[in-house]
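I have placed the structure first, in the form of structure tokens, so that the comments after it can refer back to it.
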There are 2 protein chains.
Amino acid sequence: MSTLNTHAVDKQKLIKQLQHIMPARAVLHQREDLRPYECDGLSAYRELPLVTVLPETLEQVQAVLKYCYQHEIPVVARGAGTGLSGGALPHADGVLLSLARFSQIIDIDAERRIARVQPGVRNLAISQVAEKFGLYYAPDPSSQIACSIGGNVAENSGGVHCLKYGLTVHNIQQLTLLTIEGELLSIGGGGLDCAGYDLLALLTGSEGMLGVIVEVTVKLLPIPERAQVILAAFDDVAKAGAAVGDIISAGIIPAGLEMMDRLAIQAAEDFVHAGYPANAEAILLCELDGTNEEVSSHVAEVREILKISGATEVRTARDAAERALFWAGRKAAFPAVGRISPDYYCMDGTIPRKQLPHVLKTIASLSKEYDLPVANVFHAGDGNLHPLILYDANKPGELERTEEFGGKILELCVEVGGSITGEHGVGMEKINQMCVQFKALELSQFHAIKHAFDEKALLNPGKAVPTLHRCAEFGAMHVHKGELPFPELERF
Amino acid sequence: MSTLNTHAVDKQKLIKQLQHIMPARAVLHQREDLRPYECDGLSAYRELPLVTVLPETLEQVQAVLKYCYQHEIPVVARGAGTGLSGGALPHADGVLLSLARFSQIIDIDAERRIARVQPGVRNLAISQVAEKFGLYYAPDPSSQIACSIGGNVAENSGGVHCLKYGLTVHNIQQLTLLTIEGELLSIGGGGLDCAGYDLLALLTGSEGMLGVIVEVTVKLLPIPERAQVILAAFDDVAKAGAAVGDIISAGIIPAGLEMMDRLAIQAAEDFVHAGYPANAEAILLCELDGTNEEVSSHVAEVREILKISGATEVRTARDAAERALFWAGRKAAFPAVGRISPDYYCMDGTIPRKQLPHVLKTIASLSKEYDLPVANVFHAGDGNLHPLILYDANKPGELERTEEFGGKILELCVEVGGSITGEHGVGMEKINQMCVQFKALELSQFHAIKHAFDEKALLNPGKAVPTLHRCAEFGAMHVHKGELPFPELERF
């Protein structure tokens with residue numbers, strides 16, 4: 001897999017050097033110790049790193065980076081390893097740099113509504129600690145119990161609530177990072193705008209390609225006075241899709257607006273008994289939050305819209321317990337699908353909301369064509385699809401068919417004016433589809449940015465941005481007489 | 001002033017070439033024709049360009065850029081020229097590229113709530129055209145009647161409503177730009193997140209240093225059902241500052257939260273007769289928008305908070321006319337100050353809200369020290385200060401004293417944890433203070449980014465990011481034995 005930095009690294013020398021930098025227990029190099037790091041949440045891609053290090057101090061991370069920079073050894077940073085696009089897949093000739101030991105919440109400033117945290121802090125832990133100040137951290141990936149804030153920044157993670165509250169990039173204020181040279185860089189700041197180029201946004205979602213995040217200042221929000229959730233059932237997926245547009249068009253921005261199709265509903269219901277209507281073709285979950293008055297008026301308005309949109313049933317959660325139950329089904333949708341199929345592949349793409357019916361129909365016919373069932377779960381409000389392709393890796397050829405089907409779904413997203421990623425990043429998974437999404441000039445510009453931070457291309461090599469060669473091989477780039485459009489970029 | 005690209009440009013040859021690219025009327029080169037372009041809104045800095053061009057087609061802009069790239073001629077792009085930091089100051093040996101003729105609203109998609117516009121479209125014109133769809137474009141710089149969207153993107157402009165609705169970067173979706181090589185680059189997209197590095201955010205606020213914007217897709221918002229404004233008077237600026245914190249702490253995000261001090265109030269009142277309480281030390285204007293229910297409940301809550309915070313008077317606008325009048329005073333504050341002083345210098349910095357009383361006190365004592373009056377106008381909600389220093393350019397030494405005083409205010413902003421810019425950008429004005437805000441490593445990273453887009457440093461040279469040499473001369477960078485920390489970057 002690795003096409004870069006293939007010069008032989010002296011593993012024994014590297015281990016010895018790393019053991020000088022940090023305690024021996026923090027340097028893993030035996031096959032069985034490395035096994036837990038061979039993949040992230042996208043387990044279809046696996047690779048053992050040369051070494052995994054678990055540094056405990058900033059100085060140790062700095063020393064590791066300086067050493068690797070000097071000796072041209074690839075470095076892949078890793079948070080909790082819950083990513084779904086293979087962004088934390090190790091490099092066979094490189095160091096896997098785990099930030100797991102950086103798990104301190106350094107400081108909460110309730111007045112300024114910010115928290116300074118280390119990158120290994122779990123997403124949910126921030127809200128748990130902030131709760132006593134009446135505050136919380138808004139982005140809530142499904143994996144929020146486990147995923148870490150450093151990984152959230154690297155992937156610009158979203159979640160159910162990002163429709164109203166934005167992605168990670170909208171909810172952080174400052175980053176401290178180490179460059180591949182081991183230099184400390186502080187970016188972002190307290191104001192709405194900052195002087196200089198917006199490196200904070202540039203780094204967020206850069207998938208560990210530009211630097212290693214060592215501290216994050218996140219914004220906190222006041223816990224809303226009230227939150228209420230409405231469940232609506234539909235006998236037709238297209239009607240549910242149209243209802244999403246109707247709610248948004250009414251000028252309401254729900255805190256969350258989620259959709260599940262028949263297969264996803266059934267799987268979730270069998271698993272957590274959320275009380276979903278079992279015979280519905282689709283359900284919508286619409287959460288509204290704010291002041292009491294606001295929520296009451298919005299709940300009434302949304303119920304009305306849902307009825308007009310043809311919902312066969314509209315239920316408002318009677319209490320906090322039922323609200324939690326409604327969400328439990330949605331949040332457990334992925335593992336629920338895991339129960340009914342030996343394997344599943346979770347896709348992530350974004351489309352303009354109005355394309356929802358067309359895209360669903362096309363996915364359904366691709367599903368027949370590839371003979372692989374699909375359960376659909378969406379952040380419908382922002383057009384972010386998560387089709388789950390059900391397959392069995394033990395059946396010869398099924399994984400390959402699944403990956404091809406998945407690729408077609410992403411290309412469909414681009415075709416209708418959307419994007420190949422919603423919130424999971426590109427990583428290894430979507431690297432070929434980057435060739436579909438972007439022209440050679442745009443990819444070259446990405447490489448130039450990478451070059452501005454990491455000249456030797458040591459940070460997470462081979463991820464997120466394909467080489468132009470790779471695109472040419474994938475067949476998605478026009479190559480004239482065997483010449484790449486930007487020969488000077490061949491080395492990327 | 002220009003330290004870069006000082007090789008002699010053959011002006012006659014350049015004019016002839018430009019006249020090949022576009023009609024002769026679109027190429028200005030006589031001294032009197034160039035005069036209107038010698039400065040932007042920051043008239044303390046003036047420079048005549050070699051030539052001003054007013055291209056009318058994309059191909060013409062492309063041809064200009066390609067020619068300048070080939071012949072290493074600096075290019076400064078210009079929108080409406082309302083900028084306040086000298087970002088559009090021409091280069092004496094370069095081409096001033098006006099985008100004024102690109103003034104078409106290409107398309108409004110009411111369903112997707114976006115408008116595709118050319119860069120020369122005026123900010124307010126977008127909302128005027130969107131109104132028939134019940135939509136508007138949220139960012140509203142004071143100059144919104146005149147300023148153009150391309151300039152707004154270049155400076156990441158804010159306005160009264162950015163507290164709730166964000167800056168330009170939060171309200172655009174896609175950009176088309178030309179690189180200095182004349183290549184067309186499309187960045188951003190329809191989804192919440194995009195694959196690849198976040199070039200949209202990187203370009204926004206990049207002050208014409210990275211590319212020339214030729215098309216902008218802006219997001220539109222539904223016009224709120226209702227908006228209401230509250231005016232509160234205080235006998236003490238510090239109390240008004242504390243009230244700002246109290247409102248935000250209550251979990252209310254006003255659409256606008258503005259503050260004016262005694263001198264600003266009096267100037268505005270004398271000019272537009274907004275009905276401001278003439279003997280107040282400070283006033284706050286707090287706008288609340290949303291649904292009827294929301295606004296009613298927030299108005300009651302804010303009135304209560306203001307009374308508890310010690311407001312001597314709290315008035316809610318009785319109708320739309322009075323609401324417009326309350327705002328008229330604030331929006332006319334700058335020209336109003338212009339009436340009472342031969343010249344004024346509008347500063348722009350951001351501080352953490354809780355530092356407001358301390359910063360105001362320090363500005364007042366600096367005002368005495370420099371013997372120059374200051375009128376203070378703030379976007380108080382987001383800590384964005386606009387102190388206006390009153391001076392007379394005809395009095396020997398006063399401009400210099402004013403600039404030094406202004407510099408001190410910006411350095412004070414950095415000292416208390418803020419930023420040297422809120423929404424006006426760095427341009428020429430704050431380039432020395434960039435040395436105070438950032439360390440050498442951070443500035444070097446900015447230069448590396450610039451290099452990734454504009455290797456020959458032809459786009460708006462000398463602006464926004466100081467050379468390390470300049471910082472060393474300004475005395476804000478540690479130089480060891482005459483050596484710069486990054487000798488390889490000397491050419492920037």
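Where a number appears in this text, it was derived from the coordinates with a stated rule and is not lab data. Since this is a predicted model, take the numbers as computed values, not measurements. Please note: Cβ atoms are built from the backbone with ideal geometry, for glycine as well, and neighbour counts cover all protein chains shown.
Which chymotrypsin sites (Phe, Trp or Tyr not before Pro) in segment A:318-397 pass both tests, a DSSP loop state and at most 13 other beta-carbon atoms within 10 Å?
When the chymotrypsin sites (Phe, Trp or Tyr not before Pro) of segment A:318-397 are filtered for loop state and at most 13 Cβ neighbours within 10 Å, nothing remains.
Relative to the longest principal Cα axis of chain A, at what angle does helix A:320-331 sit, 0 to 90 degrees, rounded to 10?
50 degrees
Pairs A:K11/B:K450; A:K368/A:K430; A:K219/A:K408; A:K408/B:K219: which exceed 26 Å Cα-Cα?
Numbers: A:K11/B:K450 38 Å; A:K368/A:K430 23 Å; A:K219/A:K408 37 Å; A:K408/B:K219 29 Å.
A:K11/B:K450; A:K219/A:K408; A:K408/B:K219, as the Cα separations exceed 26 Å there.
Given the convex hull over the Cα atoms of segment B:1-79, what projected area results after averaging over all orientations, in nm²? Walk me through the numbers on the way to the answer.
Values: hull surface 22.3 nm².
Hull-based average projected area comes out at 5.6 nm².
Run lengths n ≥ 4 of DSSP H only: what is the helix-derived mean residue ellipticity at 222 nm for the protein assembly as shown, with -39500 (n - 2.57) per run over all residues, to the nearest 500? Could the numbers behind the result be given before it?
Values: 34 runs with 344 residues, N = 984.
Roughly -10500 deg cm²/dmol at 222 nm, from the helical runs in the protein assembly as shown.
Would you kindly calculate the mean projected area, averaged across all directions, of the convex hull enclosing the Cα atoms of the protein assembly as shown, in square nanometres? Please list the in-between numbers first.
Numbers: hull surface 160.7 nm².
The Cα convex hull of the protein assembly as shown, projected and averaged over all directions, gives 40.2 nm².
DSSP loop (so not H, G, I, E, B), at most 16 other Cβ within 10 Å: list which trypsin sites (Lys or Arg not before Pro) in segment B:107-180 pass both filters. Mind showing how you got there, number by number?
On the way: sites: B:R112, B:R113, B:R116, B:R122, B:K132, B:K164; in loops: B:R112, B:R113.
Listed in order of number, the matching sites amount to none.
Report, as a whole number in µm² per second, the diffusion coefficient that Stokes-Einstein gives for segment B:19-155 at 25 °C and 0.890 mPa s using the Kirkwood radius over alpha carbon pairs.
155 µm²/s
Using only Cα atoms and rounding to the nearest 10 degrees, what angle (0 to 90) does helix A:262-272 make with the longest principal axis of chain A?
80 degrees
Please list, short to long, the whole-number percent of alpha-carbon pairs of segment A:105-222 in consecutive 5 angstrom bins beginning at zero.
Going from the shortest bin to the longest, the percentages are 2, 13, 24, 26, 21, 10, 4, 1, 0.
Any idea what Rg and Dmax come out to for chain A if you just take the C-alpha atoms, in Å?
22.9, 70
Set the Förster radius R0 to 51 Å, insert the Cβ-Cβ distance between A:E369 and A:E32 as r into 1/(1 + (r/R0)^6), and round the FRET efficiency to 0.05. Mind showing how you got there, number by number?
Numbers: r = 42 Å, r/R0 = 0.83.
According to the calculation, E is roughly 0.75.
I'd like the FRET efficiency for A:A44 and A:A238, computed as 1/(1 + (r/R0)^6) with the beta carbon distance as r and R0 of 30 Å, rounded to 0.05.
Working: r = 32 Å, r/R0 = 1.05.
Taking R0 as 30 Å, the efficiency between A:A44 and A:A238 is 0.45.
Shielding of B:289-296 by partners, i.e. mean partner chain Cβ atoms within 10 Å per residue?
Working: counts 0, 5, 8, 2, 8, 6, 1, 1.
Shielding by partners across B:289-296 averages 4.
Per 10 Å bin from zero, what fraction in whole % of the C-alpha pairs of segment B:124-169 is there, up to the bin with the longest pair?
For segment B:124-169, the pair-distance distribution reads 31, 56, 13.
Counting other beta carbons within 10 Å of each Cβ, put A:D198, B:D270 in order, fewest first. Kindly include the intermediate steps, with their values, before the conclusion.
Working: A:D198 24, B:D270 12.
Ranked by crowding around the Cβ, least crowded first: B:D270, A:D198.
Between A:A110 and A:A393, what length comes free when the chain is fully extended (0.36 nm per residue of separation minus the Cα-Cα distance, one decimal in nm)? Walk me through the intermediate numbers first.
On the way: separation 283, 0.36 × 283 = 101.88 nm, distance 4.90 nm.
Here the segment from A:A110 to A:A393 would lengthen by 97.0 nm.
For segment B:176-270, which GluC sites (Glu not before Pro) are in a loop by DSSP, counting at most 13 other Cβ atoms within 10 Å?
On the way: sites: B:E181, B:E183, B:E207, B:E215, B:E225, B:E258, B:E269; in loops: B:E181, B:E183, B:E207, B:E225.
Of the GluC sites (Glu not before Pro), the ones in loops of segment B:176-270 whose Cβ has at most 13 other Cβ atoms within 10 Å are B:E225.
Could you check the spin-label model distance between B:R401 and B:A8? Points 7 Å from the Cα along Cα→Cβ, value in nm.
The answer from the label model is 4.4 nm.
Could you compute the FRET efficiency for A:T362 and B:E411, with r as their C-beta to C-beta distance and R0 at 45 Å, rounded to 0.05? Please list the in-between numbers first.
On the way: r = 58 Å, r/R0 = 1.29.
It comes out at approximately 0.20.
At a 4.7 angstrom Cβ threshold, list every cysteine in chain B that has nobody to pair with, or say none.
B:C39, B:C68, B:C147, B:C162, B:C194, B:C286, B:C346, B:C413
If the reach is capped at under 19 angstrom between alpha carbons, list the aspartates and glutamates near B:K361, excluding any in the same chain fewer than eight residues apart.
The qualifying aspartates and glutamates are B:D235, B:D236, B:E258, B:D261, B:E281, B:D348, B:E369, B:D371, B:D382, B:E404, B:E411, B:E415.
So between B:E301 and B:I340, what do we pick up on full extension, going 0.36 nm a residue minus the alpha carbon distance?
10.3 nm
For peptide B:400-407, what's the mean number of Cβ atoms from other chains within 10 Å of each residue's Cβ? Before the final figure, lay out the partial values.
On the way: counts 0, 0, 0, 0, 0, 0, 0, 0.
Averaged over the peptide's residues, the number is 0.
Which Rg and Dmax, in Å, describe the Cα atoms of segment A:159-285?
Cα-based Rg and Dmax for segment A:159-285 come out at 20.3, 58 Å.
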